[in-house]
Amino acid sequence: MSVPAVDQQIRLLRPAKQYVDPYTAHGSLVEDERRPDGTTERTLTVFLAGAECPFTCTFCDLWRWTIDGPTPPGALTRQLESVLQSLDGPVPDRLKIYNASNFFDRRAVPAEGIARLATPFAAVTVESHANTIGPKALAFARQISGRLEVATGLETIHPVAIAHLNKRLDLARFDSAAAFLAANGVDLRVFVLLGAPYVGADESVAWTVRTVAYAVERGAAVVSIIPVRGGNGELERLQALGLFTPPTLTQLEEAVDLCLQLTGAVVTADLWDVKRLTSCQSCASERIERLRRINVTGRAQPRIACTVCGGA
């Protein structure tokens with residue numbers, strides 16, 4: 001199958017990718033997560049290595065964690081088994097399976113024994129593009145003993161940006177996927193970008209908040225705000241053209257603070273590699289810790305005053 005020209009352009013700008021072992025998970029972490037009903041879950045997140053997503057988005061950096069070619073049958077099961085065998089203590093409440101691609105794409109996740117391994121967990125989260133949410137999601141929901149949650153990227157509702165992200169997703173398709181999950185008793189988790197390409201820096205926070213509100217209105221139980229991370233070549237090209245401005249820690253704080261006013265869902269900041277957003281080392285750690293507390297409690301926290309940068 002031929003690769004679209006825009007996909008080829010984005011991929012040609014990428015730096016070299018390190019070898020990824022298809023039989024070894026990238027890692028895992030156990031943490032507490034807040035749910036909309038006010039409860040806190042102990043969550044195990046496993047980062048699996050598999051095939052790359054076929055949607056070559058302009059902002060994506062997950063491709064660097066994927067293998068070349070389709071995922072070998074049995075590879076993901078072996079990775080997950082290894083992580084589960086290394087667990088100490090009681091089984092966490094939720095298992096999150098992130099494979100840097102689409103869980104319901106058989107090229108990325110061959111039919112295998114993942115459902116069996118998920119049996120001990122009360123809830124399971126997987127990630128997938130909205131275009132791949134359908135009967136396969138329901139089939140997996142029936143195979144597991146816990147409740148299924150599907151995480152999907154809405155990214156932005158900015159009318160220009162959404163048309164230029166190369167995600168091949170429009171709002172009507174997202175709405176259809178959200179309604180399908182709700183009608184079938186499957187929970188929805190949504191990823192929203194901060195600093196989306198084609199959104200002006202002075203409008204970035206406002207459009208992030210609007211997008212979060214849009215996801216909540218369509219039934220999202222959890223929304224994660226993800227600051228766009230440069231380094232894929234395409235973002236640097238767009239930045240040179242004035243079409244992308246890297247987000248800042250201040251913008252992330254502002255977006256999270258404004259989203260605390262929303263009800264009906266948990267809204268959190270994605271703090272992976274968040275230190276790259278900081279420009280002041282005097283206050284960075286305190287400000288990141290403040291966001292971490294908000295993620296866990298859902299309550300407003302005093303902003304950090306900094307005599308060096310003024311909190312900028």
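The values are calculated or read from the model by the stated rules, or taken from the named source; none is laboratory data. Remember, it's a predicted structure, so these values are computed and weren't measured experimentally. All Cβ positions, glycine included, derive from the backbone under ideal geometry; neighbour counts span all protein chains shown. In case anyone asks, the SASA skips ligands and DNA or RNA and just uses the protein heavy atoms, side chains included. Shrake-Rupley method; radii C 1.70, N 1.55, O 1.52, S 1.80 Å.
Numbers below:
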quantity	calculated
Any hit, segment 62-74, residues being closer than 30 Å to Val267 by Cα, free of Cβ contacts under 8 Å to residues at least 60 places away in the same chain and open to solvent by less than 30 Å² (accessible area, probe 1.4 Å)	yes
Hey, Glu234 touching a Cys at 6+ places or on another chain (Cβ under 9 Å), open to solvent by less than 10 Å² (accessible area, probe 1.4 Å) and at pLDDT 95 or above or not	yes
Members of segment 52-97 found to be over 20 Å from Asp32 (Cα atoms), of a type in the set (A, V, I, L, M) and over 22 Å from the mean Cα position of the chain (by Cα), listed by number	Ala75
From the options Ala100, Ala16, Ala49, residue that is under 30 Å from Leu243 (Cα atoms), small (Gly, Ala, Ser), within 17 Å of the chain's Cα centre (by Cα) and assigned to a loop (DSSP other than H, G, I, E, B)	Ala100
Tabulated pairs, segment 17-33, first more than 24 Å from Asp88 (Cβ to Cβ) and open to solvent by less than 70 Å² (accessible area, probe 1.4 Å), second modelled with pLDDT of 95 or more and of a type in the set (D, E, K, R), C-beta under 8 angstrom, 6+ apart or interchain	Lys17/Arg64
Some residue of segment 81-95 being closer than 23 Å to Leu193 by Cα and either crowded, with 21+ Cβ neighbours inside 10 Å or not hydrophobic (A, V, I, L, M, F, W, C) (or both)	no
Residue satisfying condition, being under 28 Å from Asp93 (Cβ atoms), touching a Leu at 6+ places or on another chain (Cβ under 6 Å), buried (at least 17 other Cβ atoms within 10 Å of the Cβ) and among the hydroxyl-bearing types (Ser, Thr, Tyr), within set Thr45, Thr58	Thr45
Filter result for the condition that a residue is farther than 30 Å from Ala5 by Cα, without any contact (Cβ under 8 Å) to a residue 12 or more places away in the chain and not polar (S, T, N, Q), over Glu217, Glu286	Glu217
